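One structure below.
The values are calculated or read from the model by the stated rules, or taken from the named source; none is laboratory data. What you see is a predicted model, and the numbers here were worked out from it, not measured in a lab. Cβ placement follows ideal geometry from the backbone for every residue including glycine, while neighbour counts extend to all protein chains displayed. Side chains are part of the model used for accessible areas, which takes the heavy atoms of the whole protein and leaves out ligands, DNA and RNA. Shrake-Rupley method; radii C 1.70, N 1.55, O 1.52, S 1.80 Å.
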Amino acid sequence: METTCSAKDLAALLSSSSSSNSTSSLAAATFLCSQFSSISNKLSDTTYAVDNTYLLFSAYLVFAMQLGFAMLCAGSVRAKNTMNIMLTNVLDAAAGAISYYLFGFAFAFGTPSNGFIGRHHSFFALSSYPERPGADFSFFLYQWAFAIAAAGITSGSIAERTQFVAYLIYSSFLTGFVYPTVSHWFWSTDGWASASRSDNNLLFGSGAIDFAGSGVVHMVGGIAGLWGALIEGPRIGRFDRLGRSVALRGHSASLVVLGTFLLWFGWYGFNPGSFLTILKGYEKSRPYYGQWSAVGRTAVTTTLAGCTSALTTLFSKRLLAGHWNVIDVCNGLLGGFAAITSGCAVVEPWAAIVCGFVASWVLIGFNLLAKKLKYDDPLEAAQLHGGCGAWGLIFTGLFATKRYVNEVYSGDSRPYGLLMGGGGKLLAAQFVQIVVIVGWVSVTMGPLFYGLHKMNLLRISAEDEMAGMDMTRHGGFAYAYNDEDEVSVKPWGKVGHTSQSSTPTPPLTA
């Protein structure tokens, strides 16, 4: 309970213990109270500054994940499409910034609003934001970094065969409307399924717990990519005439590993940063324990889930395919991260190991299903982010602990994980989240991709696809293969190649 300094009460105490008159006592008491108030205000300012700095640093980490996405995508496609996929990653951030600034942020967090979508005028184009305590531009920057992460996931699913104009259209629509609406549902204090509703009118008395976005970010991006890849169809050569799978390997495992490590680094802003603040105590009897402790625990659960999934994938693929594959391990690692993102703040570290182990098999299973259904996703984005993201929501409904749920979401008797003795209400809310995300993204992004397809704005021509988009759409290849001016004519030339043969070596990535 907060106490205030009362000059009148303090004057009475001073008078009873001193021979000075009441006027002098009151003056002394007033002065002391003013000093206490000044100290309190300075402490409040310091707390706000530290929290704001923490959020800004987390935003920078999440934005750095765009570089990770770019490297991962570049390494996962063939060399003849490198410039194209790099450009789409840049445009995801740039186009996403404008659309999120104009509309997305208001749709997501504009308050007061209804349970479906934000609508307060002051949030559109940040026209009069911030306008209240606790709101600042750092929050906008952090949420924008999340929005463009969802768009980056989608770009991986439709890589190597999509027209550039389609990227611009879907990226703006996803970050400006589709994603913000979902984030409003589950993260806004007005959202109909949010675990942080201000009026405590919670879905099943719990609300859906998606702390950092297994559903809001990863499932949205994954399901959007699923529809794009389904409507476009597989890349030329991905399946032979008999329907058998043909591997179209990316050109650089080095870039894949680099991108994976950058994403791993950025995830420490993605998950722990989702607390938004750090200077908050939980128990007065334990002054050393507070939100800073939860931030550290969240980083640990994130690490354990990703590492467990990577190791499980390593040995599982060794048994299934007969070799150690670094690309599979990197995807397994990211699948574990995508899964733990929902419950990272409300589960014990040992449970994160369970999460990562199952996430690995979820990814392997969805990849096998994709081959059987002749579904082509160059980065396994729909399987990884959509499938593992859905598992992460279920995992939270099973393993969330009572203590951590009540700490993070400020309650005393909230529902928690089914296997932890908390009943099935939270799990039911998690299933509702999965269903509504699949439904919402399907009825918004599905028609968009289909409309682009019917207008011949989605897929490039077969000739351009075979030649590679770098040459046909972007003016040249990403790599200089030799020092000669004819590099654009002979993209397969090798550095230092001095052979006298007039017969060129065919490109390895054609």
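For Thr162, the residues 5 or more places off, or on other chains, whose built amide H falls under 5 Å of its own are Ile460. Computed over protein heavy atoms with a 1.4 Å probe, the accessible surface of segment 363-491 works out to 46 Å² per residue.
Once the gyration tensor of the Cα atoms in segment 49-122 is diagonalised, the equivalent ellipsoid follows with semi-axes of 31, 18, 9 Å, ordered largest first. Of the accessible area of segment 319-363, computed with a 1.4 Å probe over protein heavy atoms only, carbon and sulfur atoms account for 77 percent.
Highest mean packing first, where packing is the average number of other Cβ atoms within 10 Å per residue, the peptides 150-158, 170-178, 333-341, 82-90 line up as 333-341, 150-158, 170-178, 82-90. Sorting 447-456, 94-103, 343-352 by average packing, meaning the other beta carbons within 10 Å per residue, from highest down gives 343-352, 94-103, 447-456. For segment 278-382, the Kirkwood estimate of the hydrodynamic radius, built from every pair of different alpha carbons, is 14.9 Å. Using the Cα centre of segment 148-261 as origin and beta-carbon charges of +1 (Lys, Arg) and -1 (Asp, Glu), tell me which of Ala247, Ser206, Leu258 is placed farthest towards the positive end of the dipole. Of the listed residues, the answer is Ala247. Separation of the alpha carbons by more than 21 angstrom is noted, of Lys80/Lys374; Lys80/Lys372; Lys280/Lys402; Lys402/Lys425, for Lys80/Lys374; Lys80/Lys372. Divide the volume of the convex hull around the Cα atoms of segment 194-303 by the residue count and you get 179 Å³ per residue. The translational diffusion coefficient of segment 102-145, from Stokes-Einstein at 10 °C and 1.306 mPa s with a Kirkwood hydrodynamic radius over alpha carbon pairs, comes to 154 µm²/s. Segment 57-89 and segment 91-125 have their alpha-carbon centroids 25 Å apart. Alpha carbon centre of segment 236-260 versus segment 330-382: separation in Å? Cα centroid of segment 236-260 versus Cα centroid of segment 330-382: 19 Å apart. Averaged per residue, segment 214-302 has 43 square angstrom of accessible surface, using a 1.4 angstrom probe with ligands and nucleic acids left out. For segment 358-440, the Cβ-based charge dipole about the Cα centre amounts to some 220 debye (Lys, Arg positive; Asp, Glu negative; other atoms uncharged).
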